[in-house]
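Some notes on the structure that comes next.
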Amino acid sequence: MEKDELMDLWEKGNKDLVEKQKMDKDMIYNYLNSKATTASRYFQYNIIFFWFIQLINIILLSMNFTGYSNNPTMLWTLAGLLFFSVFTMLYGIRIYMRYQDIQKLNNKLSVIIEKKLKFFRTSHEYWLILITFSTWILSFSLGVLIDNDGGKYPINNKLMFTAISMGMLLFIYLTQKYGTMIQIKTMKATLMDLQQGLMGETRSLEKHKKRFKWLGILMTVLLILFALYGLIRFLNFN
Amino acid sequence: MQESRKEYFVEMVLKHKAIIYKICNLYASEHDREDLEQEIIYQMWKSFAGFKGESKFQTWMYRISLNTALLSLRSKKVRHSTLTEKEIEIPHEAPDILETNIQELYRHISKLDKIDKGIIFLYLEKCSYEEIAGMMGMSEKNVSVRIVRIKEKLRNMFNVKNS
């Protein structure tokens, strides 16, 4: 490759800079013992958190088996939910391993991004659906445990029960989805920049990020309002 | 075995520490530079098991360091905008033309798109088009077109500054 003025400046100019660099063996050893980045830690904690939710679900559902031993409909429902929770728990282990795998950077940039995008579009998407339902299962199994009416679980207003459950599922799914939305959009934009040789995708994304920020604030406010409403109802009930 | 491998890794990182240093100067602000440095070394160590020695350690280091900087999820911390004079670690004992120019070059490169930043960095480090294409996952033709465009952009930036 022909040497040009920029290359020349880069080479000569950096000489002094590099010599002044403060990096020694101890520093590197310290870095090697450090933990993963904030973002990957967040995802790992998320998996571990929901893994424990499955564990709680399994315990609660098992406790309900005794309480509803004379109710075949409830027994079948509980068995189905128990199977679902065990499956989600095992899937959690799989997705944890898959996530570790896509964290490896020993490949072409475009290949790494494609792998990550595939992960978020498939495995992670299934995980989101599973944890959405498992959160609903947690609330349901607690409800049936508390409201056990001599082996029966009375639902006074079926329409309301369905509507609240649907709303809850949608809300949990969207909240979880929001957490990865910016990450996915950023990766898509970078991949497009790489593949098409066009610039500007990553720049136009900056505008979208602002919108996502507002969406995040809105969802947080909604979550707080829901929590407050629940708390007030709980306090009034007692 | 693990310890001797670790020792070899540390020796090699020290030998080529300039790569990390330059990438951090391009992709991180003054406050986040140490974080990015740490993240690069951590990611390199994690990927080191996959380093079979088919490529040069230096080439492998370019790949991991750049991938880390480009894919860093700490998007708020990784800069895609302009670095100020204060943010570039330039020794100030004897300011001369060379020092001012390299400072300018860093500042202009930092204004580029993050992919372009990576491409021009590799070019300035004398990587071949084939190597750059291999690391970024682009075609060689695309790389050459973009390098011409980036160099033109940088020259214009210098000219605007000088005029």
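Overview of results
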{"item": "Selection from A:Ile129, A:Leu105, A:Trp76, by position along the positive dipole direction of the range A:44-197 (Cβ)", "result": "A:Leu105"}
{"item": "Assigned charges on the beta-carbon of Lys, Arg, Asp, Glu; the range B:91-163 dipole about Cα centre (debye)", "result": "400 debye"}
{"item": "Residue exposure sequence - B:Cys24, B:Cys127 - by fewest surrounding Cβ within 10 Å", "result": "B:Cys127, B:Cys24"}
{"item": "Square roots of five times the Cα gyration tensor eigenvalues for the range A:29-154, Å", "result": "39, 15, 10"}
{"item": "Structure-based [θ]222 nm, chain A - -39500 (n - 2.57) summed over DSSP H runs of at least 4, per residue, nearest 500", "result": "-29500 deg cm²/dmol"}
{"item": "For peptides B:128-141, B:108-121, A:143-156, A:169-182, sequence by mean Cβ density within 10 Å, most packed first", "result": "B:108-121, B:128-141, A:169-182, A:143-156"}
{"item": "Helix runs (DSSP H) in chain A reaching 20 Å along axis by Cα, Kyte-Doolittle at least -1.0", "result": "A:5-19, A:38-67, A:72-102, A:123-146, A:158-196, A:201-237"}
{"item": "Translational D in µm²/s for the range B:1-80 (Stokes-Einstein at 25 °C, 0.890 mPa s, Kirkwood Rh from C-alpha pairs)", "result": "190 µm²/s"}
{"item": "For the range B:1-80, size of Cβ-based charge dipole, Lys and Arg +1, Asp and Glu -1, in debye", "result": "240 debye"}
{"item": "Average beta-carbon neighbours from other chains, 10 Å sphere, peptide B:39-50", "result": "5"}
{"item": "Neighbour-count ranking [beta-carbon atoms within 10 angstrom, fewest first] of A:Thr66, B:Thr59", "result": "A:Thr66, B:Thr59"}
{"item": "Rg followed by Dmax, in Å, when the range B:91-163 is reduced to its Cα trace", "result": "13.8, 43"}
{"item": "Amide proton proximity set for B:Ala28, modelled H, under 5 Å, gap of 5+", "result": "B:Arg79"}
{"item": "B:Lys22, A:Lys108 arranged by Cβ crowding within 10 Å, fewest neighbours leading", "result": "A:Lys108, B:Lys22"}
{"item": "Shape category assigned to chain A from the gyration tensor of Cα positions, a/c cut at 1.5", "result": "prolate"}
{"item": "Computed magnitude of the charge dipole of chain A (debye, nearest 20; Cβ of K, R +1, Cβ of D, E -1)", "result": "340 debye"}
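Every number in this text was worked out from the coordinates using simple rules, so none of it is lab data. Not measured: the values here are computed from a predicted model. Every residue, glycine among them, receives a Cβ derived from its backbone with ideal geometry; neighbour counts consider all protein chains shown.
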